[in-house]
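Participant: I am attaching a structure below and will ask some questions about it afterwards.
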Amino acid sequence: MAAALQRATQGLAAVAVAATVVTVGATVYESRQPVPPPTPTAVAQGMQSLPRPFVTPPGSVPGPGAPDLSRTELPGGATLPAAVLRAYRNAEVRLAQALPGCRLTWPVLAGIGQVESGQARGGALAADGTTVQPIIGPALNGKGFAPIRDTDAGRLDGDTRWDRAVGPMQFIPSTWAVWGTDGNDDRSASPHNMYDAALTAGRYLCAGGRNLSEAGDLRKALLSYNQSGAYADTVLGWIARYAGMPEPESSPDPDPSPSPSPSASEPPPSPSASTKNPPPADVSPSPSPSRPGPDKDAPEPPPSVSPSPSTQDPAA
C-alpha cells in the first residue's frame, strides 16, 4: 500500500502545482447539475498496441464467498471499501505490466469511481466484484443529455430504445463494446463487474501513449473520459485525497456547448448539461460535491449520471 501511495504521490505532485483557480467547477457541482455526457471521437493512436486480454496475477482476485463489506483507511483519513480498492489495485498492477509507460496509479481510478458511482455505491459488491444491484444511469433521450439511441438491444442497460451509462465506472454500452476487458479472469467482460470496469477504465485512460504521472496527460485523460472541466477538477480533488496529498486547485477548462447526437462521419464535441432540460423525473441525479471534505466518515455520494466515457478516446 505504501509503495502504491508513493507512486501516486509522485505522479500527482505536478497536478497540485500546475493547476490554476477557476470557479466554474464549484458552480456546476454545488448547483447539483448533472455532469455532461461525452460523445465519441476518433480512436486514439496506439489503441491497437494495447494487449488484450490481460493476465491477472494468481490470487489477486477473490473467489466465491460472502461479499466483503469492510473498509480500508488510507493515509490522510480517507477510506475506501476494501473490495473496491482490491479491484483498483489489481488494475494498477496489471497495467504496470502491460503499459508501464502509462504509470497509472489506483487513486486515479478511485477518483473516477467516487464521482461516477460513489465507489460502487459504498462497495456493495458480490464476491466476484459484480455490483449487488445494477448501477444504471438515466436514458440518454435528449432530455438533459445528448440523445444516444440504443446500441446493445438492452443487453447491458435494460433499455431497448435509448442507451444508458452502466456499472460502477459508468460506461456507455457502445464504449464497452470497444474497450471492455476481463479483469477477473472469468472469461467474460461486464461493465457491472468492478474488476472488469476498473481495468477497462485504466486502458481507456492510458490510450494514446499518455503518461499519467504528468499533470497535462492526466488532465487530458480525465477530459477524454468526460469532456467537462468541472468534472476533471472534481476527480482531481478525490485523486489527491486518496493519494494523501493536498487538494489541487482548479484549471480553467471551458465546458463544451450542447450538441446533437454523435455522427459517424464527424464526431462533435461532448454536450454540456442544460439547466433548461433536467433529467427525467424518475431519475434522481446527485453528482458528488465539488471538493472532498475532511470528514473521513462522511457518506459516499451517489453516482454521477454522466455516461462516461465516450466510445472512442478524443485525440486531443
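Here, each number is a calculation from the coordinates, and none is a lab measurement. The structure presented is a predicted model; accordingly, all values stated were derived computationally and were not measured. Cβ placement follows ideal geometry from the backbone for every residue including glycine, while neighbour counts extend to all protein chains displayed.
Participant: Pop out the ³J(HN,Hα) list for segment 205-220 in order, Karplus 6.51 cos²θ - 1.76 cosθ + 1.60 with θ = phi - 60°, rounded to Hz; leave Gly and Pro as x.
Facilitator: With coefficients 6.51, -1.76 and 1.60, one gets 5, 7, 4, x, x, 5, 10, 6, 7, 9, 4, x, 5, 4, 5, 4 Hz.
Participant: Working out 0.36 nm times the residue gap between residue 185 and residue 211, then minus their Cα-Cα distance, what length gain in nm do you get to one decimal? Let's see the in-between values first.
Facilitator: On the way: separation 26, 0.36 × 26 = 9.36 nm, distance 2.65 nm.
Additional length available on full extension: 6.7 nm.
Participant: Same structure, new question: Going by amide H atoms built from the backbone, whose H comes under 5 Å of the H on residue 71, apart from near neighbours?
Facilitator: Under 5 Å from the amide H of residue 71 lie the amide H atoms of 82, each far enough along the sequence or on another chain.
Participant: Could you list which residues have their amide H under 5 Å from that of residue 162, counting only those 5 or more apart in sequence or on another chain, with H placed in the peptide plane?
Facilitator: Hits under the 5 Å cutoff: 150.
Participant: What are the ³J(HN,Hα) couplings of segment 82-95, residue after residue, when phi is run through the Karplus curve with 6.51, -1.76, 1.60 and θ = phi - 60°? Round to Hz, x for glycine and proline.
Facilitator: For segment 82-95, the Karplus curve yields 4, 5, 5, 4, 4, 5, 5, 5, 4, 5, 4, 5, 5, 6 Hz.
Participant: With a 10 Å radius around each residue's Cβ, average the other Cβ atoms per peptide and rank 138-148, 190-200, highest first. It would help to have the intermediate numbers written out before the result.
Facilitator: Numbers: 138-148: 21.5, 190-200: 28.9.
Packing order, densest peptide first, comes out as 190-200, 138-148.
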